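Since the structure comes first, as structure tokens, the remarks are kept for the end.
The numbers here are math on the coordinates, done by the rules we state, and not lab data. Keep in mind that what you see is a predicted model, and the values were worked out from it rather than measured. Positions of Cβ are backbone-derived with ideal geometry, glycine not excepted, and every protein chain shown enters the neighbour counts.
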Amino acid sequence: MSRPDKQAPVEGQGLRPVLDIEDLKVTFATDAGDVHAVKDVSFTVAPGEIVAIVGESGSGKTVTAKAILGLLPETAQSSGAVVISGNDIITVSPHQLRQIRGRDVAMVFQEPSTALNPVYTVGWQIAEGLRAHRPEGKRVGRREARRLAIDALRKVGIPEPEKRVDYYPHQFSGGQKQRVVIAAALALNPGLIVADEPTTALDVTVQAEILELLRDLRDQFGTSIVLITHNMGVVADLADRVVVMFQGDVVEEAPSQVLFDAPREEYTQKLLAAVPHLGRNSASEGFTERAFQDKEVLVRATDLEIEYPGRLGSPAFRAVDKVSFTISAGEVFGLVGESGSGKTTIGRAIAGLNRTTGGSLEVLGYEMRNYKERTFRPYRKDIGFVFQDPAASFNPHLTIGECVAEPLLIHTDLSGAAVTKKVEELLESVQLPRAYAKRFPHELSGGQRQRASLARGLALKPKLLVADEPTSALDVSVQAKVLELFREIQVEMGFAALFISHDLAVVDILAEWVGVLYKGKMVEQGIGNQIMGNPQEDYTKRLLASLPVPNPAEQAERRAVHQALLARR
């Protein structure tokens, strides 16, 4: 899939920018008045350059990204210029815009689960883009579209693309779905890709693969990339230049190394200071194995097995294979591992959302093997759950306040004003204004939805909280506040937590005990800072080497170490 008509990767001096944004303003008309989401934003992207746009949730990053592709809703009014291949996206006709999308610029959306249509195969969806954005007068036949779709899947590293082109989205893991979304964006070889949080909610090993994939696109094909992210480690690993946004304005712009070494603006300094680091503020500092010996055991897994039955003659799939661990009252147990390792399956089994098929799993003294919903229902009020994907876990027809109130209405006698007051208190506890109770899920950013999901999980003051990637969609400054808040609430309320995360630095901040899963097996577990500082298993070492750090020079060294570890496999 070569692109002979594109420039080779260069520094960009003297060449016409792939993207030129000048004085971009975007205003949304709302019942409460105009909201100025983007104010006088200007920057360029050179051929073969990767520019990262960073900032807090609500800073205007995603709105800027959508303006680049003309994807703003009808309520948005935009002015200024967004020039791609000599065309101003703001003023071109809908027909011209349709031709530019896919051919000159494509987008990788933040949440692959919602970007992919669940009722069509991934091959059909990639081919749909080829047909929709084909050049004038050129017809893409079914056979040719299938061939191009297979090539795109192969290019992004999907195994057996000839077979998996006919798979549906639910048959892929989270990281593989992100690869499929990138494959769809690459189908017509655009010169510019806008990647909106392309590694959000991915574990560190898959994240490293996606970053390597994006780097290869730049190096091999000269593809320019606008990277929207809150992960400063990802920025350090990939970006040539960084644009920092705050409340719709660009507050600082600098080459990546310069920005990390000597941030000029106070806001940028605070942003970098909020990034979690392994070994800093570790929850397990001074922790001993005896700390929870006298505490009540809330979860006890002994040789736990969970299998999914095969279909159409295929064998059963064992997602969890003889896993043993305990979670005591007041303890935070961190569970880490690659996508598909069984982390979420275990979390869902603890909450009674997956059935166990072997071994033993006791939750709050109740044996989950062959459990019956009727007898387990009284225990549910003592178990909170924060789901990984906040967009999919909320009912889009209910307001945020109604979603958060559901556990209170089902499991308590509260009603009316008492429920409203409790919901407002919960929203404030996770740094959301009370007024957000009247908003619908689609009116909140990804990070705001995740905070609302945390509020719902804590609504009943549970004894045990299962938190599945609860901070994955949060920008670093809000993540730091939520992690501090999570710890404060956990100490105050005394609940135990199973904390599932792909971010090892976050797990280090919260968890006293850490378990490492690989292909359904617990390969290593122990005190958090010992696992993070002196891992014994090769897989754990690879996992730690995959974690990007917010320092471009150090990250380049870590990337070399990670590649060396992979070569030894």
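Structural remarks
- Only Lys, Arg, Asp and Glu carry charge here, each on its Cβ (+1 for the first two, -1 for the last two); on that basis region 182-248 has a dipole of about 220 debye about its Cα centre.
- Estimated vicinal HN-Hα couplings, Hz - region 544-553 in sequence order (Karplus 6.51, -1.76, 1.60; Gly, Pro = x): 5, 5, 6, 6, x, 10, x, 7, x, 5
- Computed over the alpha carbons of region 145-287, Rg followed by Dmax gives 17.9, 59 Å.
- If the Kirkwood radius is taken over C-alpha pairs of region 496-548, then at 10 °C and 1.306 mPa s the Stokes-Einstein diffusion coefficient equals 141 µm²/s.
- Phi angles across region 188-198 convert, under the Karplus curve 6.51 cos²θ - 1.76 cosθ + 1.60 with θ = phi - 60°, into 3J(HN,Hα) values of 9, 6, x, x, 9, 10, 9, 9, 8, 6, x Hz, Gly and Pro given as x.
- Just so you know, the Cα atoms of region 97-178 work out to an Rg and Dmax of 12.7, 37 Å.
- Here is the size of region 53-152 from its Cα atoms: Rg then Dmax, 15.5, 45 Å.
- The chain: Cα Rg divided by the 2.2 N^0.38 Å rule of thumb: 0.98
- Mean-position separation - Cα centroids, region 36-61 and region 438-466, in angstrom: 28 Å
- Applying a threshold of 23 Å to the alpha-carbon distances of K155/K521; K461/K521; K322/K343; K343/K463; K177/K519; K25/K177 flags K155/K521; K461/K521; K25/K177 as lying beyond it.
- Rounded Å value of the spacing that divides the Cα centres of region 480-499 and region 178-207: 32 Å
- Principal-axis tilt of helix 400-411 within the chain, Cα atoms, nearest 10 degrees: 20 degrees
- Taking 0.36 nm per residue of separation and subtracting the current Cα-Cα distance, fully stretching the chain between R377 and Q247 would add 42.3 nm.
- Electrostatic bookkeeping for D389 treats Lys and Arg as +1 and Asp and Glu as -1; over the other residues with beta carbon under 10 Å from its beta carbon, the sum is -2.
- Stretching R290 away from T114 to a fully extended chain increases their span by 58.9 nm, per 0.36 nm per residue minus the current alpha-carbon distance.
- The value given for region 469-569 is a Kirkwood hydrodynamic radius of 15.0 Å, derived from the mean inverse Cα-Cα separation.
- Per the Cα gyration tensor, region 391-543 maps to an equivalent ellipsoid with semi-axes of 32, 16, 14 Å, ordered largest to smallest.
- Placing +1 on the Cβ of every Lys and Arg and -1 on the Cβ of every Asp and Glu, with nothing else charged, gives the chain a dipole about its Cα centre of roughly 2020 debye.
- For region 260-356, the calculated P(r), taken from all Cα-Cα distances in 5 Å bins from zero up to the bin holding the longest distance, is 3, 9, 14, 15, 13, 13, 10, 8, 8, 6, 2, 1, 0 percent.
- Charged-residue dipole, Cβ positions (Lys, Arg, Asp, Glu), region 131-195 about Cα centre, Debye nearest 20: 180 debye
- Environment charge of A291, counting only residues whose C-beta is closer than 15 Å and scoring Lys/Arg +1, Asp/Glu -1: -4
- When both region 343-381 and region 232-259 are represented by their alpha-carbon centers, they are found 45 Å apart.
- Based on alpha-carbon atoms, the Kirkwood radius and the radius of gyration of region 129-223 give Rg/Rh equal to 0.97.
- Over the chain, relative contact order from alpha-carbon pairs under 8 Å, at least 6 apart, %: 16 percent
- Sites L15 and Q77, calculated FRET efficiency, Cβ-Cβ separation with R0 30 Å, nearest 0.05: 0.40
- Percent of alpha-carbon pairs separated by more than 27 Å within region 302-435: 35 percent
- Rounded to the nearest 500, the helix-only mean residue ellipticity at 222 nm of the chain stands at -11000 deg cm²/dmol, with each DSSP H run of n ≥ 4 adding -39,500 (n - 2.57).
- Placing a pseudo-label 7 Å from each Cα along the Cα-to-Cβ vector at H411 and F28 gives an inter-label distance of 3.2 nm.
- With the charge dipole of region 258-314 set up from +1 on Lys and Arg Cβ and -1 on Asp and Glu Cβ about the Cα centre, the Cα lying farthest toward the positive end among the listed residues S314, L259, G279 is that of L259.
- Annotation: extensible slack from D538 through D261 equals 96.5 nm (criterion: 0.36 nm per residue apart, minus Cα-Cα distance).
- Taking a straight Cα-Cα cut-off under 21 Å and skipping sequence neighbours fewer than 8 places away in the same chain, the lysines within cross-link reach of K438 are K421, K422.
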